[in-house]
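Working notes, structure below.
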Amino acid sequence: MDFQAYWLLVLPFFFGLGWLAARIDIRHLLSESRALPASYFKGLNFLLNEQPDKAIESFIEVARAEQQTIELQFALGGLFRRRGEVDRATRMHQNLAERTDLAPDQRTDALYELAQDYLKAGLLDRAEALFNDLRPSGHAVSALHYLLDIYVTEKDWNKAIEMAESLETAAGEDRRREVANFHCELAAQEYSHSRTEPAHNHIRAALQAHRKCVRANVLQGTWAQREERHAEAIAHWKEIEAQAPEYLFLIAAPLMESMRQLQQNAEGLTLLQGWLQRYPAMDLLAVAYQMTLEQEGPESALRLVREELHRNPSLGALDKYLEAQLATVSAEQRTDVQLARDLVHAQTTRLYLFQCGSCGFKARTFHWHCPACGGWDTYPPYRNADGELTFNASHRSGM
Ligand SMILES: [Zn+2]
């Protein structure tokens with residue numbers, strides 16, 4: 001194959017092209033970097049060296065010097081709020097919102113950020129006003145969520161209902177349980193001011209929003225009992241079995257009291273023991289034990305608890321069983337049983353708690369509204385250890 005001499009000319013030409021391309025690229029980069037202020041690179045350097053505070057100072061310089069760096073100002077504002085520097089975040093977002101060169105969407109974004117700054121600073125009135133202004137914007141759903149939280153914090157239940165219902169329409173969210181709870185809050189408020197008619201109207205509204213709102217029936221029964229209308233109280237409470245029977249433990253003791261007032265002790269005990277068989281729970285067992293003890297004596301109460309312990313073996317049932325034994329044992333056995341009972345009871349008290357299904361917060365008493373995360377109906381209607389501290393039947397048969 002003959003070597004073509006012209007290749008000697010073509011090769012340097014291509015090398016030349018490559019060299020030129022590289023030069024152009026470098027020049028382009030240099031011109032771009034000259035457009036960015038030195039503080040920007042200083043900031044990046046600080047970030048890379050994990051010195052966020054110095055990085056922020058450098059970026060602030062950039063943001064101050066380069067008014068067009070809107071995105072950077074948003075980023076800094078958000079960062080300040082997350083770091084708890086609410087004053088700085090507020091100033092940054094206020095400046096942004098007041099700028100005349102912002103696009104309408106950017107202005108809305110600035111107001112949305114500002115509203116969150118106010119909220120974080122605890123300026124609920126200002127936050128509320130801004131979020132209300134934002135309801136027709138692209139931030140409508142988020143604004144409604146924030147407003148709902150604000151009204152719940154302020155216990156402004158009427159407005160909370162309005163927000164929850166708006167969220168159902170705007171975002172298709174299921175807020176029936178919350179709406180029912182807000183009506184219950186209003187009902188309790190009205191009743192405490194002796195305004196029974198509006199109180200009952202809110203109970204009706206609660207049940208209309210959520211047919212299975214147990215809380216509404218608990219309240220109705222409690223009021224009827226307070227007004228000595230015991231038959232009515234019993235009727236309201238009995239309805240809970242059809243709504244959600246796992247909540248029956250909430251009214252077991254007062255229901256027995258109303259039945260006692262009507263001299264229906266025996267019927268009451270039969271009813272309670274039936275519930276215990278169908279919906280076993282620690283709190284229900286405690287009431288059934290107490291009622292049986294009062295009406296039929298310690299032997300019968302011990303039998304009831306023993307049967308329950310065998311049916312649903314749990315630490316809670318064992319605790320009650322030992323308590324029942326104490327009432328029946330001989331004097332010489334008493335010390336031993338007392339010791340065992342004290343040990344088991346200390347554990348039961350420590351472990352048998354209600355636990356929020358949303359945030360895990362544990363409480364000794366049942367809550368409709370979680371004191372930690374603010375969730376509604378987030379507490380399951382049983383103590384967390386009811387399931388955990390239960391031996392299963394197959395485990396026992398192998399012993
Ligand atoms: Zn919670």
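The values are calculated or read from the model by the stated rules, or taken from the named source; none is laboratory data. Given the structure is predicted, the values throughout are model-derived calculations rather than measurements. All Cβ positions, glycine included, derive from the backbone under ideal geometry; neighbour counts span all protein chains shown. Note: accessible area is taken over every heavy atom of the protein model, side chains too, but ligands, DNA and RNA are not part of it. Shrake-Rupley method; radii C 1.70, N 1.55, O 1.52, S 1.80 Å.
Screening A281 against (1) among the hydrophobic types (A, V, I, L, M, F, W, C); (2) touching a helix residue (DSSP H, G or I) at 6+ places or on another chain (Cβ under 7 Å); (3) more than 24 Å from P381 (Cβ to Cβ) leaves a single unmet condition, (3). Against the numbered list (1) closer than 25 Å to Y321 by Cα; (2) within 16 Å of the ligand (Cβ to nearest atom); (3) of a type in the set (G, A, S); (4) exposed (fewer than 13 other Cβ atoms within 10 Å of the Cβ), A363 comes up short only at (4).
Restricting attention to segment 301-321 and to residues that are open to solvent by less than 20 Å² (accessible area, probe 1.4 Å) and either without any contact (Cβ under 8 Å) to a residue 40 or more places away in the chain or among the β-branched types (V, I, T) (or both), the residue that is farthest from H230 (Cα to Cα) turns out to be D319. Per the listing Q290, Q338, Q347, the residue uniquely open to solvent by 50 Å² or more (accessible area, probe 1.4 Å) and within 26 Å of E257 (Cβ to Cβ) is Q290. The number of residues in segment 146-179 being free of Cβ contacts under 8 Å to residues at least 12 places away in the same chain and either part of a helix (DSSP H, G or I) or among the hydrophobic types (A, V, I, L, M, F, W, C) (or both) comes to 3. The set of residues in segment 170-195 that are open to solvent by 50 Å² or more (accessible area, probe 1.4 Å), more than 19 Å from N217 (Cα to Cα) and under 22 Å from the mean Cα position of the chain (by Cα) comprises A170, G172, D174. Count of segment 323-354 residues, restricted to those that are touching a helix residue (DSSP H, G or I) at 6+ places or on another chain (Cβ under 9 Å) and either among the aromatic types (F, W, Y) or within 16 Å of the ligand (Cβ to nearest atom) (or both), is 2.
Can you pull out every residue in segment 375-384 that is more than 7 Å from the ligand (Cβ to nearest atom) and either closer than 17 Å to R177 by Cβ or out of contact with any strand residue (DSSP E or B) (no Cβ under 7 Å at 6 or more places or on another chain) (or both)? Don't jump to the end; show me each part of the working.
Taking segment 375-384 and keeping what is more than 7 Å from the ligand (Cβ to nearest atom), we get 376-377, 379-384.
Hits for segment 375-384 are W376, D377, Y379, P380, P381, Y382.
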